[in-house]
1. Could you please give the count of residues in region 55-73 that are crowded, with 19+ Cβ neighbours inside 10 Å, touching a Lys or Arg at 6+ places or on another chain (Cβ under 9 Å) and either not in a helix (DSSP H, G or I) or not charged (D, E, K, R) (or both)?
2. Within region 48-86, track down each residue that is at positive phi and small (G, A, S).
3. Go through region 29-54 and give me each residue that's surrounded by fewer than 14 Cβ atoms within 10 Å (Cβ to Cβ) and not in a helix (DSSP H, G or I).
4. Could you list all residues from region 79-110 that are surrounded by 12 or more Cβ atoms within 10 Å (Cβ to Cβ) and more than 14 Å from Y134 (Cβ to Cβ)?
Amino acid sequence: MKLEPLKNVGLLCFHDLVYEKVKVSVKDVVICLINREREGELIDRALLKDVSDVFVEMGMGGMYCYENDFEAALLDDTSTYYCIKGNKWIEEDSCELYMLKVEECLRLEKDRVLSYLHSSSEQKVLERVQQQLYVKLQTRQCLENERSQLENEHSRLLFSSLRID
């Protein structure tokens, strides 16, 4: 009979007795802290790194627990967060200021991943930010172009109707 290594037995016990009971509430707290940091609040990044590492460790060599118990919710929340921010900024800011904010968000999200998330999250998080913020900018630019074309056409029709033959 072959015995499991002590580390594996310990991880299995922790997984069954602790992790399964707290993973949802821990995930929610971590995402809340990330959003607070996005709003400018200082958080304990070392703690978040430790928690992130626990999600990875619970996969015991795989990324299943990290991806399914944490990352999926983080990505959904990232989309929601930047959808709300993007809607606000697109209404209030010039295109130039909006683009500066987008670039800063991408820089900060990359830093977040490097500081306390698993490296496999980087591309996924950045894609979510880009999807939410660049699409809004493209939509705004299309609407502005369409409005400008309509105004030009309206002016042309107005002047042509006023022309005396």
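No lab work stands behind these numbers, since they all come straight from the coordinates. Everything numeric here is computed off the predicted structure, so don't read it as measured data. Counting neighbours? That spans all protein chains shown, and the Cβs are built from the backbone with ideal geometry, glycine included.
1. Summing the residues that are crowded, with 19+ Cβ neighbours inside 10 Å, touching a Lys or Arg at 6+ places or on another chain (Cβ under 9 Å) and either not in a helix (DSSP H, G or I) or not charged (D, E, K, R) (or both) in region 55-73 gives 4.
2. Going residue by residue through region 48-86, those that are at positive phi are 60-61.
Matches in region 48-86: G61 only.
3. E39, G40, E41, L42, D44 - these are the residues of region 29-54 that are surrounded by fewer than 14 Cβ atoms within 10 Å (Cβ to Cβ) and not in a helix (DSSP H, G or I).
4. Answer for region 79-110, where residues must be surrounded by 12 or more Cβ atoms within 10 Å (Cβ to Cβ) and more than 14 Å from Y134 (Cβ to Cβ): T80, Y81, D93, L108, K110.
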